[in-house]
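> What follows is a structure written as structure tokens; I'll ask about it next.
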Amino acid sequence: MQNDKVKCGLTEHKESEFIDTIEKEAYVWCEEDWKHDDYEHTHNRSQLTYVEEGYQYFHIDQKIYLVPQNHVIWIPSGKPHRITSEAKTVKLMLFLFNYSFKEDFYEHVQVFAIPPVLREMLLYASKWNKLLAEDDEQSIFFKAIVKSLPNFCKESNYLEVPVPTDVRLIPVCNYINANFKYNLNIDLLAEKAQMSVRSLQRIFKHETGITLQKYLQLIRILKSVEFIDMKQYTLSEVGFKVGYQSLSAFTSSYFSIMKSKPRTK
């Protein structure tokens, strides 16, 4: 298979389909400037990704998960996912495991800020980057990482953006995504969905679990993460670019979603 590509140690013999020929139970793949393809794929290993610099969006099960700098995401084995990012530089560590644990934690996507202890463990593990040969210390160390994850995780549901399945709501989301700087025009959105304002509000909340206003807030804050990553704007400028008229309003909204204050890098 001369034209096959190898990504993270897995062989891709056709688009989105990976063959795992690695005998090791676990390994790590680090990249200084991560490049990824914008299509859905799956593999039979569980995945732990640590974003050390930049940010990534993971598209999984009708949700979009933001994984910003100093956050990790756990993806169960066999879970289709797609990755996108507009960050200039993405530095990450990707771990792939064949381990199987019975706890409920491992059956679901998890996104959380990395605590200092786990960060040091993952950075130490980088010494085995792309090593496909057996190593006793690595085997024991990686299993300890995976076994400890539930103790480190404080799930960050605020980093999830729901994607509605009702096709009538897609133009609504697309419009908000493109015009997040402006306040909601509920009549215009109802027109795009071809339903009444009351029906739009009810169906959107049923489909996504959040209101239209909350969806707008999520999109604004996620976009602010992108602008902050560019390192070209002050926080006041970022706030204005995503629709806030004052730094205090932006900071308050950012904190309510991200549980931390915005900071330029």
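The values are calculated or read from the model by the stated rules, or taken from the named source; none is laboratory data. Values in this document were obtained by computation on a predicted structure and should not be read as measured data. Don't worry about glycine lacking a Cβ; one is built from the backbone with ideal geometry, like all the others, and counts go over all protein chains shown. SASA here: full protein model, heavy atoms, side chains in, ligands and nucleic acids out. Shrake-Rupley method; radii C 1.70, N 1.55, O 1.52, S 1.80 Å.
> Exactly one of these conditions fails for S256: (1) part of a loop (DSSP other than H, G, I, E, B); (2) without any contact (Cβ under 8 Å) to a residue 40 or more places away in the chain; (3) under 23 Å from Y55 (Cβ atoms). Give me its number.
Failed condition: (1).
> Checking the condition farther than 19 Å from L222 by Cα and among the charged types (D, E, K, R), which residue from K88, K127 passes?
K127
> Shifting gears a bit: Hey, I73 hits all of (1) under 25 Å from E40 (Cα atoms); (2) open to solvent by less than 50 Å² (accessible area, probe 1.4 Å); (3) in contact (Cβ under 8 Å) with a residue 40 or more places away in the chain; (4) within 17 Å of the chain's Cα centre (by Cα) but one; which does it fall short on?
(3) is the only condition that I73 fails.
> Among the numbered conditions (1) within 30 Å of S260 (Cβ to Cβ); (2) surrounded by fewer than 18 Cβ atoms within 10 Å (Cβ to Cβ); (3) not polar (S, T, N, Q), tell me where E191 comes up short.
Among (1) within 30 Å of S260 (Cβ to Cβ); (2) surrounded by fewer than 18 Cβ atoms within 10 Å (Cβ to Cβ); (3) not polar (S, T, N, Q), E191 violates only (1).
> Take the residues of the stretch 43-70 that are under 19 Å from A125 (Cα atoms), part of a strand (DSSP E or B) and open to solvent by 20 Å² or more (accessible area, probe 1.4 Å): which is modelled with the lowest pLDDT? Lay out the reasoning, then the answer.
In the first step, residues of the stretch 43-70 are kept if they are under 19 Å from A125 (Cα atoms); the result is 45-53, 69-70.
Going one step further and asking which of them are part of a strand (DSSP E or B), we end up with 46-53.
Those left that are additionally open to solvent by 20 Å² or more (accessible area, probe 1.4 Å): 52-53.
Values: E52: 90, E53: 86.
Filtering first and then ranking leaves E53.
> Please tell me if L132 is surrounded by 13 or more Cβ atoms within 10 Å (Cβ to Cβ), of a type outside the set (K, R) and either over 16 Å from E31 (Cβ atoms) or at pLDDT below 95 (or both).
no
> Kindly indicate which of V111, V146 is part of a helix (DSSP H, G or I), more than 30 Å from Q194 (Cα to Cα) and touching a Phe, Trp or Tyr at 6+ places or on another chain (Cβ under 7 Å). Talk me through it step by step, then tell me what you get.
On the way: V111 fails: part of a helix (DSSP H, G or I).
Every option except V146 fails the conditions.
> Keeping to the stretch 26-42, report how many residues are open to solvent by 40 Å² or more (accessible area, probe 1.4 Å), part of a strand (DSSP E or B) and closer than 26 Å to Y124 by Cβ.
1
> For the stretch 141-198, which residues satisfy the criterion of being over 25 Å from Y55 (Cα atoms) and under 20 Å from the mean Cα position of the chain (by Cα)? Walk me through it before giving the result.
To start, the set of residues in the stretch 141-198 that are over 25 Å from Y55 (Cα atoms) comprises 141, 143-144, 147, 165-169, 171-172, 183-198.
Listed by number, the list holds a single entry, T165.
> Could you check the stretch 78-103 and list, in sequence order, the residues that are over 20 Å from L122 (Cα atoms), over 13 Å from the mean Cα position of the chain (by Cα) and surrounded by 15 or more Cβ atoms within 10 Å (Cβ to Cβ)?
Listed by number, the list holds a single entry, K79.
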